[in-house]
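Taking it in order: structure first as structure tokens, then the write-up.
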Amino acid sequence: MKGSDAHDLIAAAREVRRHARAEFSNFKVGAALETADGTIVTGCNVENATYGLTVCAERVAMFSAIAAGHRTFRRIAIVCEPHEPTPPCGACRQILWEFAGDIEVILASLRRETGRHQLADLLPQPFDKRNL
Ligand code: THU
């Protein structure tokens with residue numbers, strides 16, 4: 001998928017959100033990551049009874065993309081139900097930054113887009129391999 005129209009990317013995030021395992025929080029999230037060649041890789045949040053082993057939708061999408069051999073990314077769409085913008089958690093910002101760099105982060109609810117940000121604005125002064 002090319003260009004700035006994120007319709008297909010948001011639709012993919014809405015679709016994968018249906019698979020979320022969020023029995024504990026009831027907060028379902030879907031994420032769709034667009035690779036440099038236009039491939040869309042998706043992920044949903046997966047919770048479990050210990051709570052602490054929960055993995056967010058964004059990290060499931062990123063780790064799936066890495067496992068499929070993708071190395072460069074353009075943007076990510078993140079969908080949850082609230083109509084207020086719901087930006088990614090700190091852990092996901094870190095992982096997205098380290099593996100995707102300054103990508104566009106598109107936020108949406110089930111009905112509409114709620115915000116667009118550059119990841120660098122969401123994670124100022126990041127820690128990454130340049131600090132090692
Ligand atoms: N969650 C995500 O999937 N992505 C985020 O960036 C924020 C939080 C999930 C984790 C947990 O399953 C639920 O939302 C409530 O925190």
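The values are calculated or read from the model by the stated rules, or taken from the named source; none is laboratory data. All values derive from a computational prediction rather than experimental measurement. Virtual Cβ from ideal backbone geometry, glycine too; neighbours counted across all protein chains shown.
Miscellaneous remarks
- Filtering CYS80, CYS89 for residues that are within 15 Å of the ligand (Cβ to nearest atom), out of contact with any helix residue (DSSP H, G or I) (no Cβ under 6 Å at 6 or more places or on another chain) and in contact (Cβ under 8 Å) with a residue 60 or more places away in the chain leaves a single hit, CYS80.
- Checked against the criterion of being in a strand (DSSP E or B) and either within 12 Å of the ligand (Cβ to nearest atom) or surrounded by 23 or more Cβ atoms within 10 Å (Cβ to Cβ) (or both), region 19-29 contains one or more residues that satisfy it.
- Filtered residue count, region 31-72, keeping only those that are assigned to a helix (DSSP H, G or I) and either aliphatic (A, V, I, L, M) or closer than 25 Å to ASP5 by Cβ (or both): 9
- Cross-chain or 6+ apart pairs with Cβ under 8 Å, region 115-128 first and at pLDDT 95 or above, then of a type in the set (Asp, Glu) and assigned to a loop (DSSP other than H, G, I, E, B): GLN118/ASP102; LEU119/ASP102; ALA120/ASP102
- Restricting attention to region 88-123 and to residues that are of a type in the set (Gly, Ala, Ser) and out of contact with any strand residue (DSSP E or B) (no Cβ under 6 Å at 6 or more places or on another chain), the residue that is nearest to GLU15 (Cα to Cα) turns out to be SER109.
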